[in-house]
Amino acid sequence: MREQLIRAIEAALARLLAESGGQPGAAGLPDFAVEAPRQAAHGDFACNAALLLAKRLGRPPRELAAGLIEHLGDAGGLVARAEVAGPGFVNLWLAGRNWHGLLQRILSEGPSYGRSQAGGGRPVQVEFVSANPTGPLSVGHGRQAILGDCLARLFEATGWKVQREYYFNDAGRQMRVLGESVRARYLEQLGRAAPPPQQALDNDSLPWPETLDGLPVHFPRDGYQGDYIGEIAAELRAQHGGALTAEPGDGIFRREAQARIFGEIRATLERLGVHFDRFSNEQALYAEGCVEAVLDDLRAAGRVRQEDGATWLCSTALGLPRDRVLVKSGGESTYLLPDIAYHREKLRRGFELVVDVQGADHKDQGPYVKAGIAALGLDAARIEFLFHEFVTLSTGGKAVKQSTRRASFVTIDELLEGGPDSPGVSPDAFRFFMVQRRAGSHLDFDLGLARETDWTRNPAFYLQYAHARTHGIERQARERGIAMPAADELQAGHLSLPEELELIRKLGEFPEVVERAAAARAPHHVAYYLREVAGLWNPYVQDAARHRVLGDDAAQRSARLGLTLAVRTVLANGLGLLGMGAPERM
RNA sequence: GCGCCCGUAGCUCAGUUGGAUAGAGCGCCAGGUUGCGGACCUGGAGGUCGCACGUUCGAGUCGUGCCGGGCGCGCCA
């Protein structure tokens, strides 16, 4: 509908230009906008073309706007009213039947309303979470999980072929420390080693004992302190008894810890409704020779130099602030080298676009990976980074202490499960709260609000309740033997109240919202939009004195039931984009 | 010190490739209404869009410089 209008305006502009002696043809058309104005009094759509042309033609914008209206006419029955407004806007009101046609379209398209083929089936990869399996996922990972998943859903909805991938570094020191931590706890439980004193664990500057009460202290200085480490050790002890005392930390301890923790991580993601198509890891890149090959190719490209026994990427020459180490003097790689190899593999797998969702602490890394990719002669523009700021927890405006130190952070599971005297957060509410803000903003997670089960207070439930209400009305209709209208029998002409037209107009925006959210990599647009739809629909239903859906006039009742179905369609499709359930009753 | 991000109502935050009188939720004030499904409806107060210059017919949006906050600036992981 908006597309039709744009074409009509283009044609009218072309005639106007020809008359004014401007350049004919599409080249002479300004890059004008046709938007739904903020204020309803400014029409269904507003166009700024006259303002853009005024300078070029040397004529007053209002005069051009009047000319545009004249040439536009009723645009083949599309436009009911047009006026010049403000400095030279053209405000347009569509003929009523166009809005009614929109309702029919929503009903007939159903689940595909709002989807498009703009992506043309091109392959895109979204990589997210990617936390190393050293412990449970934190709330910050949760934001990334939801953000990445919703972005993937947006790509799917706009016609891309999406792969969700989780990549983790398992070749470096971090996983070895994990194994050593488990081994130390195992030995402590067997009475073969002593646990390090808590003061030393909490304070880096305190001395670290080698022995305690005659027993050796094996726990690594920067080891993982969470209770789950001891639990893994206990399970190993239950399974193997004391038979593992001679095993190295980097062997069975590490493997078991990794497997179990990864299992927990996957279970957590499952609870949130987040699925991955592929898990990949750093070790495989080494095993397949990808890392070495990248180093060779960078060397061949002349982008590598030696200094102090280390191998450096000449990123300064590529416009970055400094050079960075690829291979340490000890022979081990930094993360940068395998990261470059990893991204080359992604591009080799044929992705048109690769989006990495990462926390703000990775902001500095992206450019170096891209520089490496560019140095390999590949198109770095196909790699995008979506960085999200951190999450803080608050309740009633008061910040919840969330120490980043060691293991004392809040995990997703803790939040979902709640505690003895605090209810858990539902996965749907968790998802909504996590996509509510744009990625670049700090996210204040209001625990009190997220736990709230009153739909009028909790914004996540407010949306779901709006959806459930459409089913509630249908149930009532069924009980009275009233049939729901089919798309082709919808007589929407009976919807003429301002709030009804406003609602319909809002429903019509959905496809643009999805498109914009996908293009901007900004799922929060969907969340805000749904809030607006629900914010129109809930009061509409509530105010039965003014407009009862199941009233006595059969024709009007049928039209309002059609509106109900259209609202349901948009809410269900939108909730689907956020990965939230669309319940039929609450 | 350098780089990236953020600064919008009392609070938490939206604000479409630059558009008209800057919005929402929560909170606050006044009045009305009472449940097709569970407190909703109407109105109101509340803003130098961090500050200052600049570009433009037009700036919350773009540019430059300051101020304030976050993150990052290792052969760490």
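The values are calculated or read from the model by the stated rules, or taken from the named source; none is laboratory data. None of these values were measured; they are calculated from a predicted model. Cβ: placed from backbone, ideal geometry, glycine included. Neighbour counts: every protein chain shown. Heavy atoms of the whole protein, side chains included, go into the accessibility calculation; ligands, DNA and RNA do not. Shrake-Rupley method; radii C 1.70, N 1.55, O 1.52, S 1.80 Å.
About its Cα centre, how strong a charge dipole does the range A:438-480 have in debye, to the nearest 20, once Lys and Arg get +1 and Asp and Glu get -1 at the Cβ?
Values: 7 positive and 6 negative charges, 50 e Å.
My answer is approximately 240 debye.
Leaving out ligands, DNA and RNA, and with a 1.4 Å probe, what % of the accessible surface on the range A:143-245 is carbon or sulfur? Spell out each step's value before the answer.
Values: 2000 of 4300 Å².
For the range A:143-245, the apolar C and S fraction of the accessible surface comes to 46 percent.
Let me know the shape class of the range A:130-279, please: from the alpha-carbon gyration tensor, a ≥ b ≥ c as square roots of the eigenvalues, rounded when a/c is under 1.5, otherwise prolate if a/b is greater than b/c, or oblate.
Numbers: a/c = 3.10, a/b = 2.21, b/c = 1.40.
Prolate, since a/c reaches 1.5 and a/b exceeds b/c.
Per residue, how much accessible area does the range A:103-189 have with a 1.4 Å probe, in Å²?
Working: 2530 Å² over 87 residues.
Ligands and nucleic acids excluded, the figure is 29 Å² per residue.
Looking at the range A:503-551, which trypsin sites (Lys or Arg not before Pro) are DSSP coil and have at most 14 other C-beta atoms within 10 Å of their C-beta? Show your work: numbers first, answer last.
Numbers: sites: A:Arg505, A:Lys506, A:Arg516, A:Arg521, A:Arg531, A:Arg546, A:Arg548; in loops: A:Arg521, A:Arg546, A:Arg548.
Here the trypsin sites (Lys or Arg not before Pro) that fit, given the DSSP loop and packing criteria, are A:Arg546, A:Arg548.
To the nearest 20 Debye, how big is the dipole of chain A about its Cα centre, given +1 on the beta carbon of each Lys and Arg and -1 on that of each Asp and Glu? Numbers along the way, then the final one.
Values: 67 positive and 74 negative charges, 195 e Å.
Rounded to the nearest 20 debye, it is 940 debye.
What are the ³J(HN,Hα) couplings of the range A:249-265, residue after residue, when phi is run through the Karplus curve with 6.51, -1.76, 1.60 and θ = phi - 60°? Round to Hz, x for glycine and proline.
Listing the rounded values in order: x, 7, x, 4, 4, 5, 4, 5, 4, 4, 4, 5, 5, 5, x, 5, 4 Hz.
Nearest 10 degrees, 0 to 90: what angle lies between the long axis of helix A:227-240 and the longest principal axis of chain A (Cα atoms)?
Once rounded, the angle reads 60 degrees.
In degrees from 0 to 90, rounded to the nearest 10, what is the angle of the helix A:96-109 Cα long axis to the longest principal axis of chain A?
40
Among A:Gly359, A:Pro511, A:Gln198, flag the residue with its Cα farthest along the positive direction of the charge dipole of chain A, charges on Cβ as +1 for Lys/Arg and -1 for Asp/Glu.
Toward the positive end, the furthest listed residue is A:Pro511.
Give the aspartates and glutamates reachable from A:Lys370 as a straight Cα distance under 14 Å; neighbours fewer than 8 places away on the same chain don't count.
A:Asp323, A:Asp339, A:Glu345, A:Asp356, A:Asp379, A:Glu384
Using the Cα centre of the range A:40-85 as the reference point, and only Cβ charges (+1 on K/R, -1 on D/E), how large is the resulting charge dipole? Debye, rounded to the nearest 20.
On the way: 5 positive and 5 negative charges, 59 e Å.
The calculation lands at about 280 debye.
Near the amide H of A:Tyr167, under 5 Å away, which other amide H atoms are found, from residues 5 or more places off or on another chain, if H is placed in the peptide plane?
For A:Tyr167, the qualifying residues are A:Phe128, A:Ser130, A:Ser280.
Determine the gain in length on full extension of the stretch A:Arg271-A:Ala317; use 0.36 nm per residue of separation and subtract their C-alpha separation, reporting nm with one decimal.
Values: separation 46, 0.36 × 46 = 16.56 nm, distance 4.64 nm.
In short, 11.9 nm is gained.
In degrees from 0 to 90, rounded to the nearest 10, what is the angle of the helix A:290-300 Cα long axis to the longest principal axis of chain A?
So the helix axis and the longest Cα principal axis differ by about 80 degrees.
Kindly provide the helix-only [θ] at 222 nm of chain A, computed as the sum of -39,500 (n - 2.57) over DSSP H runs of four or more divided by all residues, to the nearest 500 deg cm²/dmol?
Numbers: 21 runs with 272 residues, N = 586.
So the helix-based figure for chain A works out to -14500 deg cm²/dmol.
With labels modelled as points extended 7 Å from the Cα through the Cβ direction, what inter-label distance (nm, one decimal) is found for A:Ala284 paired with A:Ala234?
In this crude label model, A:Ala284 to A:Ala234 measures out at 3.4 nm.
Once you have the Cα-Cα distance between A:Glu584 and A:Ala40, take 0.36 nm times their residue separation minus that, and quote the gain in nm to one decimal. Please list the in-between numbers first.
Working: separation 544, 0.36 × 544 = 195.84 nm, distance 3.19 nm.
Extra length from A:Glu584 to A:Ala40 when fully extended: 192.7 nm.
With labels modelled as points extended 7 Å from the Cα through the Cβ direction, what inter-label distance (nm, one decimal) is found for A:Ala95 paired with A:Glu345?
6.0
Take A:His442 and A:Arg7, extend 7 Å from each Cα along the Cα→Cβ direction, and tell me the distance between the two endpoints in nm.
Label at A:His442, label at A:Arg7, 5.0 nm between them.
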